[in-house]
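Trainee: Pasting a structure here, questions to come.
The values are calculated or read from the model by the stated rules, or taken from the named source; none is laboratory data. Note that the coordinates shown come from a computational prediction; the quantities given were computed from them, not determined experimentally. Quick reminder, even Gly has a Cβ in these numbers, built from the backbone with ideal geometry, and neighbours come from all protein chains shown. With ligands, DNA and RNA removed, areas are computed over all heavy atoms of the protein, side chains included. Shrake-Rupley method; radii C 1.70, N 1.55, O 1.52, S 1.80 Å.
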Amino acid sequence: MRVVAREAAGRSGEINRKSLVLKLDGAFRLAGARSLRKNLDVINEEAEHALAAIPIAIDGIEIHRTALVSKAKLALDSHRFVNIVGLPGTGKSAVLRALTEDERRKGTVLLLKSDRLTGKTWGGYETSLGLDTTNLETLLCEIEVTGSPVLFIDGIDRIEVPNRGIVLDLLNTILGSSMLGNWKVLFTSRDNGIEPLRTWLPAGVFIDSGINTVEVSPFSNEESEQLAQARPALKPLLFGEDRVREVSRRPFFAAVLASLSRGSPASAPRSEVELIDAWWIRGGFDSKPGTTVHRQRALIHLAKSGAHDLGRRIQLDDVDLDALEDLKTDGVITDVRAGHTVQFAHDIFSSGRSYTS
């Protein structure tokens, strides 16, 4: 404190709370301003809910992708913006979840999940969360000194046009503030290339060192061996011919295959087409006897109703509610607004391929 005071006195400088807490960041773990504690608590609670919506287990087994997490951390050390990319179902969100949870151990984290955004601007979003209206720069400073100066965004390429102002407000504030020089941004996107993001993200994201890309591939041999040891029925698929490995080593498909191969491994699907057919025949993952047709019809209804916005907010009008609850239990559908709207639980259902016919 004496050093800070001497530095300011030497140039007749003024110190406000915002600049003071940033100077002290690292020397002390700060609790945050009392006036903003409610906001910090709400932001942490939203992060907790968003993380809970990202699956990390395959039939109850967690495969920790340590190498990818370490690679992303190294990328953040050298770049301000890092994009975790990969095909649908390869586990991009799970890697982001691991990184976010690491930072949560330090305190407050700011996580945006594309399918949980409401509002056209940060002001609309903070209102939807129940945050007290606060200067955004001030709030980000408080998040930094009470936790992590990393903005996590899951599914940046799936953010709907009306919600993009939320991200733009955050990025423009980070890029335009000398107080926020420590802030970095880590986001996930599908492997569509960076060009679609150039059409709406601030130009400042792409200058200087630009965006560092970390590619998430299907499970490695070592990761596949971990899963095979826990679920031996999957081993012939995880270490089978090329086209079989291509499907079974993607975490999303591995979870489906784990369910389908519980009976006889020999009858498990051995191509993506066979996997889709088996998924559909079982009413979307794992239907109970007598419910398959109801689930299939519910899936078709939901797909048609949600086609205009890629299945992100589907009204529940005329949906078979019993079938809907089964689909929720199996992780195919999840609530957006309980009792009103739902969405498909994974981006693979809106990746451009048809999973119902």
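Trainee: Working carefully through the options Phe219, Phe187, find the one that is more than 18 Å from the chain's Cα centre (by Cα) and of a type in the set (Phe, Trp, Tyr).
Mentor: Unique residue meeting the criteria: Phe219.
Trainee: Also, I was wondering about something else. If I filter segment 278-292 for residues that are out of contact with any strand residue (DSSP E or B) (no Cβ under 7 Å at 6 or more places or on another chain), assigned to a helix (DSSP H, G or I) and modelled with pLDDT of 85 or more, do I get at least one hit?
Mentor: First, pick out the residues of segment 278-292 that are out of contact with any strand residue (DSSP E or B) (no Cβ under 7 Å at 6 or more places or on another chain): 278-292.
Narrowing further to those that are assigned to a helix (DSSP H, G or I): 278-281, 292.
Restricting the remaining residues to those that are modelled with pLDDT of 85 or more gives 292.
There is at least one residue in segment 278-292 that is out of contact with any strand residue (DSSP E or B) (no Cβ under 7 Å at 6 or more places or on another chain), assigned to a helix (DSSP H, G or I) and modelled with pLDDT of 85 or more.
Trainee: For residues that are touching a Leu at 6+ places or on another chain (Cβ under 7 Å) and surrounded by fewer than 21 Cβ atoms within 10 Å (Cβ to Cβ), scanning just segment 215-257, find the one that is nearest to Ala278 (Cα to Cα).
Mentor: Arg245
Trainee: Return only the number of the condition from (1) without any contact (Cβ under 8 Å) to a residue 24 or more places away in the chain; (2) part of a strand (DSSP E or B); (3) β-branched (Val, Ile, Thr) that Thr127 does not satisfy.
Mentor: Status for Thr127: all satisfied but (2).
Trainee: Any chance you could count how many residues in segment 133-153 are touching a Lys or Arg at 6+ places or on another chain (Cβ under 6 Å) and under 17 Å from Gly119 (Cβ atoms)?
Mentor: 0
Trainee: So, one more: Given the condition open to solvent by 60 Å² or more (accessible area, probe 1.4 Å), of a type in the set (Val, Ile, Thr) and over 12 Å from Phe252 (Cβ atoms), answer yes or no: does some residue in segment 57-79 qualify?
Mentor: Step one: of segment 57-79, the residues open to solvent by 60 Å² or more (accessible area, probe 1.4 Å) are 60, 62, 64, 66-67, 71, 73-74, 77-78.
Right, trim to of a type in the set (Val, Ile, Thr) and you get 66.
Checking the rest, the ones that are also over 12 Å from Phe252 (Cβ atoms) come to 66.
Yes.
Trainee: Please find, within segment 293-315, the residue that is modelled with the lowest pLDDT out of those that are open to solvent by 40 Å² or more (accessible area, probe 1.4 Å) and among the small types (Gly, Ala, Ser).
Mentor: Ala307
Trainee: Turning to a different aspect of this structure: If Thr100 meets every condition in (1) open to solvent by less than 20 Å² (accessible area, probe 1.4 Å); (2) more than 21 Å from Ser217 (Cβ to Cβ); (3) assigned to a helix (DSSP H, G or I) apart from one, which number is that one?
Mentor: All conditions pass for Thr100, except number (2).
Trainee: While we're looking at this one, here's another question. In segment 258-272, how many residues are surrounded by fewer than 19 Cβ atoms within 10 Å (Cβ to Cβ) and at pLDDT below 75? So that I can check it myself, show each step before the final result.
Mentor: Step one: of segment 258-272, the residues surrounded by fewer than 19 Cβ atoms within 10 Å (Cβ to Cβ) are 259, 262-267, 270-272.
Those still in the list that are at pLDDT below 75 too: 262-267, 270-272.
The total comes to 9.
Trainee: If the requirement is being open to solvent by 50 Å² or more (accessible area, probe 1.4 Å), modelled with pLDDT of 80 or more and assigned to a loop (DSSP other than H, G, I, E, B), which of these qualifies: Asp318, Asp322?
Mentor: After ruling out the rest, the residue left standing is Asp318.
Trainee: Condition (residue is in contact with a Lys or Arg (Cβ under 6 Å, 6 or more places away or on another chain), at pLDDT below 95 and not in a loop (DSSP other than H, G, I, E, B)) applied to segment 52-70: is it met by at least one residue?
Mentor: no
Trainee: For segment 81-137, which positions are farther than 16 Å from Asp157 by Cα and acidic (Asp, Glu)?
Mentor: Result: Glu101, Asp102, Glu103, Glu126, Asp132, Glu137.
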